[in-house]
There are 2 protein chains.
Amino acid sequence: MTTRGARAAGRGDLFDPQCPTRQLLDRIGTKWTSMAVKTLADAAPDEVRFAELRRRMPGISQKMLSVTLRSLTRDGLVSRRVDPTVPPQVSYRLTELGSSLEAALAGLRTWAEEHMAEIDRANEAADEG
Amino acid sequence: MTTRGARAAGRGDLFDPQCPTRQLLDRIGTKWTSMAVKTLADAAPDEVRFAELRRRMPGISQKMLSVTLRSLTRDGLVSRRVDPTVPPQVSYRLTELGSSLEAALAGLRTWAEEHMAEIDRANEAADEG
DNA sequence: CAGGATCCGGCTGGATACTG
DNA sequence: CAGTATCCAGCCGGATCCTG
């Protein structure tokens, strides 16, 4: 629910014990999650190594890529395979669950590509128009 | 891009000057935005007054409802109508643009309702399984 | 190579008090 | 009634340094 904090001021979040949509948005809403899913989806069914993933996600730091992938792996959206060589090679790939999420995200992307310009215009109009 | 800050450390976000999807996620990812859109969509085509909206969004504070609505209005997703009585009455309604966003969000909601349980299970499994 | 640990600034959002 | 203003805690995420 995002309305974390367990006891929340007085009441408030007892009404919807767990809203799945908010739980989902709390994940894909973080800065790099959706880009990681997209990047892995574009590569599928191939797996992608950490460094390559980093290269394909301009601007992400080593830390945030690591954090993002760990989170996705915990969620069962991404599978992680370690090749115990020296130096180690770690590869990632979307799971089936991850692929189905990507399909759902594609809808949002389409909407964004079609309509974000309108939102921008609305903002400019509000600024002074 | 979220990678705000215009000049970003060195380079990094120059590669995708404006990713519409991130811009969108930066909006609907905020805590109350999607719930507000959903609540207004459920009421459509009727408009909803501030206080009533507040009642229908358990847990939201006056401030956050105000901030959320102002943002949605600026984005052209919600229209705002003021009835200049005393005390004033202000009503909100989804615009067409807002309705189309709601349609896109519905896809995410469906996915969330169908799959969040799997994600929860994956997390439990990771915790100790 | 992959990623853990640490430090820290900035933004998000909650509580509270005050207005037209 | 419908906000706005202020204060402040907590979390997100960036930079940097270190390791198997």
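The values are calculated or read from the model by the stated rules, or taken from the named source; none is laboratory data. Predicted, not measured: the structure shown is a model, and the values here were computed from it. Every residue, glycine among them, receives a Cβ derived from its backbone with ideal geometry; neighbour counts consider all protein chains shown. The area values use the complete protein model at the heavy-atom level, side chains included, leaving out ligands, DNA and RNA. Shrake-Rupley method; radii C 1.70, N 1.55, O 1.52, S 1.80 Å.
Before moving on, here are some points about what is shown:
- Of all chain A C-beta atoms, the nearest to the rotation axis linking A with B is recorded, alongside its rounded Å distance, as A:Gly29, 1.
- Neighbourhood net charge (13 Å Cβ-Cβ; Lys/Arg +1, Asp/Glu -1) for B:Gly98: -1
- 7 Å along Cα→Cβ, label-point gaps from B:Val82 to other copies, nm, shortest first: 6.1
- Compactness of the protein assembly as shown as Cα Rg over 2.2 N^0.38 Å, two decimals: 1.11
- Label distances, nm, B:Ala43 versus same residue in remaining copies, Cβ-directed 7 Å point: 4.6
- Inter-copy separations for A:Lys63, label at 7 Å along Cα-Cβ, nm, ascending: 2.7
- CD proxy at 222 nm, helix term only [per DSSP H run n ≥ 4: -39500 (n - 2.57); per residue of chain A; nearest 500]: -18000 deg cm²/dmol
- Each residue of region A:20-128 gets 125 Å³ once the volume of the Cα convex hull is shared out per residue.
- Taking both sides together, the accessible area buried where A meets B is about 3800 Å² for a 1.4 Å probe.
- Only protein atoms count toward the accessible area here, which uses a 1.4 Å probe; on chain B, the carbon and sulfur part of that area reaches 52 percent.
- Part-to-part distance (alpha-carbon centres) for region B:78-129 and region A:54-124, which is given in Å: 21
- Counting, for every residue in A:90-99, the Cβ atoms of other protein chains within 10 Å of its Cβ and taking the mean gives 1.
- For chain B, modelled as a GNM whose springs connect Cα atoms under 10 angstrom apart, the maximal fluctuation among B:Val48, B:Val86, B:Val78 occurs at B:Val86.
- Residue-normalised accessible area of region A:20-128, expressed per residue, 1.4 Å probe, Å²: 51
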